[in-house]
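*Asks:* Provided herewith is a single structure, encoded as structure tokens, for subsequent inquiry.
The values are calculated or read from the model by the stated rules, or taken from the named source; none is laboratory data. For clarity, every value in this text was computed on a predicted model and none was experimentally measured. When we count neighbours, we look across all protein chains shown, and the Cβ atoms used for this are built from the backbone with ideal geometry, even at glycine. Side chains included, ligands, DNA and RNA excluded: accessible areas come from the protein's heavy atoms. Shrake-Rupley method; radii C 1.70, N 1.55, O 1.52, S 1.80 Å.
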Amino acid sequence: MPSDLLEISDLIVDYDVATLQPRPVSRSAVVARLMANGQRSAARLVQRLPASNDTLDVEACNLALLRSHIELQRLSEEFLQADRIRGVLLPLLQALREAGVKPPLRVVDVGCGLGYAVRSLAAHGRLGRDVEIIGCDMNVTLIENARRLAEEESLSCELKVANAFQLEQPGHVFISTGVLHHFRGNDLNAFFAGQRQGHAFVHYDIQHSVLSPWGSWMFHQARMREPLARHDGVVSARRAHPTETLLTAARLATGFTCASLDGARNLLGAVLRPMTATLGARAELWDPLLRHLGPLRARLGPAR
């Protein structure tokens, strides 16, 4: 089986990046691509999705994605992901304030899905009254449900059907969780290049390790029920980028000073810290950031 496996969620929906409008997806084309990649079980899952004249039913696909993201939220809760993000955001925001960046300071979650990180930070992050928290995703179904959840708690945050790199008011800090492994090659470079408009970024993803796929499989079998979530969760771990790949792409695309946070230095580290962050900031912000990181500074890798 090839090492560069495909995720079902990347194939069953497609959007025009300029207009954000969904484009029709051929079920037989997706099945054929998965079969050619040696992913027969994934092909069977897609074959069972409703289609009309071979065009996948957009609503059915979006509902499958919604169920998967509901289960993914459980993973984020158990991994205390919002706390991880907050721990890095607080010193980053303080560095921005010291540098004289005019408020409001905009934190933009790229590919926010159901907006778990955005909603958690809005509810418990205590980032400051000068901070705006914005979640962006191209999937209308996910954003509509994210907005409903935020409204139920009267949270002060924005959730937009939008390209995070084309907002009217650009973000100062870009964040994401479980997004980086979806991009390869030029697409990964373009992802980072879109953030040159900002001042910093913190992108968490699965730790690249021989143990990660096994741990992911056990967790998803025990905790997940949606077939798409089970499949893509394990594939995500196998697609996770090595630290060097991410740092090289980020540095070349943005010119920022970059480093990894919580990168595994041995197998025990991969077990204890299943998520790692790619952290970047403009050069003039790096020293102030280091001063405010506190104990987290010891978990930071070499800067590039």
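*Asks:* Return an integer: the convex hull volume of the alpha-carbon atoms of the stretch 8-86, in Å³ per residue.
*Replies:* Details: hull volume 10.4 nm³, N = 79.
In the stretch 8-86, the Cα hull volume divided by residue count equals 131 Å³.
*Asks:* With springs only between Cα atoms under 10 Å, which of V140, V234, V101 fluctuates most in a Gaussian network model of the chain?
*Replies:* Maximum fluctuation in the GNM of the chain, among the listed residues, is at V101.
*Asks:* I'm a student and want to see the number: the projected area of the Cα convex hull of the stretch 1-148, averaged over all directions, in nm².
*Replies:* If I average the Cα hull's projected area over directions, I get 11.2 nm².
*Asks:* Okay, moving on. What area, in nm² and to one decimal, does the C-alpha convex hull of the stretch 23-68 cast on average over all directions?
*Replies:* 3.2
*Asks:* Whenever you get a sec, compute what percent of the accessible area on the stretch 1-81 sits on carbon and sulfur atoms (1.4 Å probe). Walk me through the numbers before you get to the answer.
*Replies:* Numbers: 2420 of 4480 Å².
Carbon-and-sulfur percentage of accessible area, whole number: 54.
*Asks:* Next question, about the same structure. Ratio to report: Rg/Rh of the stretch 135-257, with Cα atoms as the point set and Rh obtained by the Kirkwood method; give two decimals. Could the numbers behind the result be given before it?
*Replies:* Details: Rg = 16.3 Å, Rh = 16.3 Å.
Taking Rg over the Kirkwood Rh, I get 1.00.
*Asks:* Something else about it: Between helix 283-293 and the chain, what is the angle of the helix's C-alpha long axis to the longest principal axis, kept within 0 to 90° and rounded to the nearest 10?
*Replies:* On a 0 to 90 degree scale, this one is about 90.
*Asks:* Suppose all protein chains stay in the model; what accessible area per residue would a 1.4 Å probe give for the stretch 156-209, in Å²?
*Replies:* Working: 2080 Å² over 54 residues.
With all protein chains present, the stretch 156-209 gives 39 Å² per residue.
*Asks:* Moving on to the next point. Counting each DSSP H run of 4 or more residues in the chain as -39500 (n - 2.57), what helix-only mean residue ellipticity at 222 nm follows after dividing by all residues, to the nearest 500 deg cm²/dmol?
*Replies:* Result for the chain: -14500 deg cm²/dmol, rounded to the nearest 500.
*Asks:* Could I ask something else about it? Based on the mean of other beta carbon atoms within 10 Å per residue, what is the order of 182-190, 130-138, 204-212, most packed first?
*Replies:* In descending order of packing, they fall as 130-138, 204-212, 182-190.
*Asks:* Return the percentage of antiparallel bridges among DSSP beta bridges fully within the chain, rounded to the nearest 5 %.
*Replies:* Taking every DSSP beta bridge within the chain, about 50 percent pair in antiparallel fashion.
*Asks:* Any idea what diffusion coefficient the stretch 89-189 gets from Stokes-Einstein, in µm²/s, Kirkwood Rh on alpha carbon pairs, 4 °C, 1.567 mPa s?
*Replies:* In µm²/s, the coefficient is 92.
*Asks:* State in Å² the accessible area per residue of the stretch 72-155; use a 1.4 Å probe, count heavy atoms of protein chains only, and round to the nearest integer.
*Replies:* 44
*Asks:* What does the net charge come to around R184 if you take all other residues with beta carbon closer than 12 Å to its beta carbon, with K and R at +1 and D and E at -1?
*Replies:* Net local charge, R184 excluded: -3.
*Asks:* Now, a different point. By its C-alpha gyration tensor, with a ≥ b ≥ c as the square roots of the eigenvalues, how is the stretch 153-210 shaped: rounded for a/c under 1.5, else prolate for a/b larger than b/c, else oblate?
*Replies:* Verdict is oblate for the stretch 153-210.
*Asks:* What are the semi-axes of the equivalent ellipsoid for the stretch 63-136, taken as the square roots of 5 times the Cα gyration tensor eigenvalues, largest first, in whole Å? Don't jump to the answer; show the numbers that get you there.
*Replies:* Values: eigenvalues 137, 33, 15 Å².
Values for the stretch 63-136, descending: 26, 13, 9 Å.
*Asks:* Computed over the Cα atoms, what is the radius of gyration of the stretch 188-288 divided by 2.2 N^0.38 Å, N being its residue count?
*Replies:* Here the Cα radius of gyration is 1.20 times the empirical estimate.
*Asks:* Test of understanding: what is the full-extension gain from D16 to S154, defined as 0.36 nm times their sequence separation minus their Cα-Cα distance?
*Replies:* Full-extension gain reported as 46.5 nm.
*Asks:* On C-alpha positions alone, give me the angle between the axis of helix 81-98 and the longest principal axis of the chain, in degrees, nearest 10.
*Replies:* Roughly 40 degrees between the two axes.
*Asks:* In the neighborhood of M35, defined by Cβ-to-Cβ distances under 14 Å, what is the net charge if each Lys or Arg adds +1 and each Asp or Glu adds -1?
*Replies:* Around M35, the surrounding residues sum to +4.
*Asks:* In the stretch 84-147, carbon and sulfur make up what percent of the accessible area (probe 1.4 Å)?
*Replies:* Result for the stretch 84-147: 48 percent of the exposed heavy-atom area is carbon or sulfur.
*Asks:* Then there is this: Per Stokes-Einstein, at 10 °C and 1.306 mPa s, what whole-number D in µm² s⁻¹ belongs to the chain, with the Kirkwood radius over Cα pairs as the hydrodynamic radius?
*Replies:* Translational diffusion coefficient: 80 µm²/s.
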